[in-house]
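Nothing in this text is a laboratory measurement; each read-out follows from the coordinates by a stated rule. This structure is a prediction, so every number in the text was calculated from the model and none was measured. Using ideal geometry, Cβ is built from the backbone for each residue, glycine included, and neighbour counts are taken over all protein chains shown.
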Amino acid sequence: MGKRRRIGARERLTSIARTELDTDAWPDFDVGALTEKRRELFLRRKQGILLYLQGASEDDIKAETGFGRGSIHRLITERCLVTHEDGRLYGWRGINPHQRIKAYIRRKPLEPDPWGMGTVGALQLLFSTEKGSKLKDRFINQILKKNRRHFESHRQPKQDLILWFLEEARKLTPDAGSKWPFTVAKQGQVTIGAFINKVLAENPQEARAILGGPEVVKKAKAGDGTKRPHLPLYRRVECDGHKLDVRCTVLVPSHDGRLEPVLVHRLWVIVIIEVRSRCVLGYFLSLRREPSADDVIGAIKFALQPWKPKPLQFSLDKGYSSGAGFPGGFDPKLVGACWDEFSVDGALANVCQRVRHILKDVVDANLVCPQDSDSYSSRRSLDDRPFIETFFRQIASILKKLSMSTGSKPSERRGRDPEEEAIKSGFQLEYLHELLEVTLANYNATPHSSLGYRSPLSQLLFLASNSENYIRLADPALVRRLLCRRKLCPVLASSNGLTGIHVNFFNAEYSSEWLQSRLELVGKLLWVSAEDEDDVRLVSVSTEDGEDLGFMNAAPPWNHSPHSLYVRSAIRSLSYRKLIHLSRNTCPVMQLIDYAENSPNRKLAPHPAYLEARRIMQVTAERLVGESMVERARRGAPSASNAPDFDTARPANSSDAPVNQAPPVQAQEQLPQRRKAANRSAL
């Protein structure tokens with residue numbers, strides 16, 4: 001029978017009744033990790049707590065455990081019921097022998113011995129003074145970078161913080177140099193470093209920004225990916241641009257008739273990847289210094305049109321692997337397959353109104369971008385588009401094997417000069433374009449660990465064959481008409497007699513025979529569309545009501561050679577700067593080529609418009625001949641009787657055009673000799 005309480009004595013556990021303490025909810029403790037001596041003491045403490053909570057008498061508790069009721073009471077209230085740093089009670093962890101529950105507080109003044117011993121808690125003692133308390137606040141602000149200047153780095157070495165503290169501590173009192181921490185060997189660096197770590201641990205958000213920078217802060221806003229929604233096929237695609245870590249050249253004819261390699265600036269590639277299957281739907285190699293809306297639209301157009309493998313010139317026996325390609329080349333039902341969401345970053349080329357209109361009118365898709373405050377991507381985290389970012393890392397690892405690779409950082413060059421390697425190996429722009437297409441096509445045929453080791457293309461074809469996955473298809477006419485440059489242009493009448501009735505479309509005049517007889521159209525607005533982006537000498541015309549009127553040809557000098565609107569804009573810019581001179585009797589495209597090839601010493605990289613003009617010339621030549629220029633060059637130059645008739649060359653989509661035919665196109669005689677890269681085996 002327990003002892004009676006004396007009148008006036010208060011209950012030990014006044015705040016919490018013994019019957020309300022649930023020891024089963026306390027965090028458990030691994031007794032097996034203790035030594036035999038500490039385990040025996042831990043078990044006696046635990047047994048004493050259980051007996052105390054059951055209402056056992058003090059004699060019974062002392063006889064079985066060796067502790068009195070007062071000792072057990074203190075174990076419960078001062079150790080087990082104290083809140084741990086993790087937010088839970090200490091529980092059984094609190095009775096672990098030699099477990100420190102409260103932080104050490106120094107109460108005696110510092111009296112170090114001749115060897116510097118006896119300075120435990122010296123930093124606490126320093127911060128307990130009035131001046132030390134202010135120093136503590138300023139030191140915490142310095143650690144958390146609360147007073148960081150705009151151009152100051154986010155990260156600050158711990159050694160700089162320690163030096164800052166020592167300088168400020170020396171200014172506290174005139175005799176501060178004769179006190180701690182200046183009286184010990186390391187000047188308290190270990191203690192100060194531990195205090196820095198403690199402050200960072202107590203402020204995880206600030207520590208994340210200080211130690212990791214802005215990218216880590218953005219990454220922390222997203223989850224670990226385990227709760228991502230299960231998206232059906234073609235529900236969402238991700239699009240982004242990647243600057244290729246490789247240098248290439250173009251062969252420019254010199255005055256003595258030889259071909260000299262000239263370095264090209266690093267290029268960008270725009271890629272669209274389907275989220276559910278990880279399959280690459282389309283891509284576009286941008287020849288400009290920065291991607292534009294035209295490049296994004298080019299990638300969309302690639303994803304919506306049929307695909308067929310191109311003849312390769314960098315390799316005769318290696319290239320496309322078995323099953324490599326893009327969805328539009330394997331299943332006709334996937335040609336023009338539309339998606340519901342188009343996830344991009346905040347680049348202006350991705351979120352401009354032109355791209356938004358095309359996505360809405362042709363694909364009927366919503367644009368997911370950080371500019372939309374209601375979108376999850378407004379947090380601007382790289383984990384918002386994880387699949388495209390991971391894909392670019394894989395592409396970078398493949399291109400890193402080339403000797404002309406710049407790597408993602410200077411240390412990855414490994415002593416080699418990528419610019420010199422590109423010139424020595426003759427790694428040309430055409431090789432890079434073909435290598436890129438083969439790499440992306442082979443990626444679609446490579447087993448993927450996240451797809452049960454199915455390839456992305458086979459996974460997409462498998463999901464597409466499922467009747468539950470309904471796939472919308474884009475109208476081919478809309479793809480041809482709307483995925484091109486369109487403009488509402490007024491019909492003008494010229495009094496100089498050169499063009500008569502015409503329209504101005506992107507710095508050029510357009511007219512035709514049928515337009516000269518349509519006087520009622522003067523002053524009205526017509527839709528002008530450049531359906532063939534590689535040859536804007538011919539455009540289609542329709543009324544505001546959608547009635548198709550026919551085609552119009554460009555007036556001189558823009559009717560000589562095929563070109564794009566970007567090439568025309570670059571030529572106009574050079575003309576305004578008096579670098580080239582335009583006239584009605586000379587071809588502006590050839591003037592651009594002469595300007596780029598005859599620049600002094602060729603120290604600068606070729607103008608991006610020059611690269612675009614070269615590509616268009618090759619595409620037009622292949623279109624006229626009906627075969628690849630690579631195959632034609634392998635067989636040798638054609639005879640005069642079998643040579644293509646360039647005098648009757650007409651732009652594409654001109655079968656229904658009026659009698660006004662475009663002037664002849666200057667043809668290439670023969671492609672230069674093929675060159676191979678220095679480490680061809682790595683491809």
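What does the C-alpha gyration tensor say about the overall shape of segment 18-95? Classify as rounded when a/c is under 1.5, otherwise prolate if a/b is larger than b/c, or oblate. Oblate, because a/c is 1.5 or more while a/b does not exceed b/c. For the peptides 388-400, 558-570, residues were scored by their other Cβ atoms within 10 Å and the scores averaged per peptide; the highest-first order is 558-570, 388-400. Under 15 Å of direct C-alpha separation, and excluding same-chain neighbours fewer than eight residues apart, residue 219 reaches these aspartates and glutamates: 206, 345, 383, 384, 389.
Among 552, 617, sorting on how many other beta-carbon atoms sit within 10 Å of each Cβ, with the fewest leading, yields 617, 552.
Here the label points at residue 525 and residue 290, each 7 Å from Cα along the C-beta direction, are separated by 3.0 nm in the simple model. Among all the lysines, which ones have a C-alpha under 16 Å from residue 145's C-alpha, if same-chain residues fewer than 8 places away are not counted? Within the straight-line limit of under 16 Å, residue 145 reaches these lysines: 136, 158, 198.
Partners of residue 424 within straight-line reach, counting aspartates and glutamates whose Cα lies under 13 Å from its Cα and excluding those fewer than 8 residues away in the same chain: 260.
Each Lys or Arg adds one and each Asp or Glu takes one away; over the other residues whose Cβ falls under 14 Å from the Cβ of residue 275, this sums to -2. The ranking of 434, 40, 260 from fewest to most other beta carbons within 10 Å of each one's beta carbon is 40, 260, 434.
Entry for segment 123-215 at q = 0.13, 0.20, 0.23 Å⁻¹: log10 I(q)/I(0) = -0.46, -1.00, -1.24, Debye formula applied to identical alpha-carbon scatterers, no solvent contribution.
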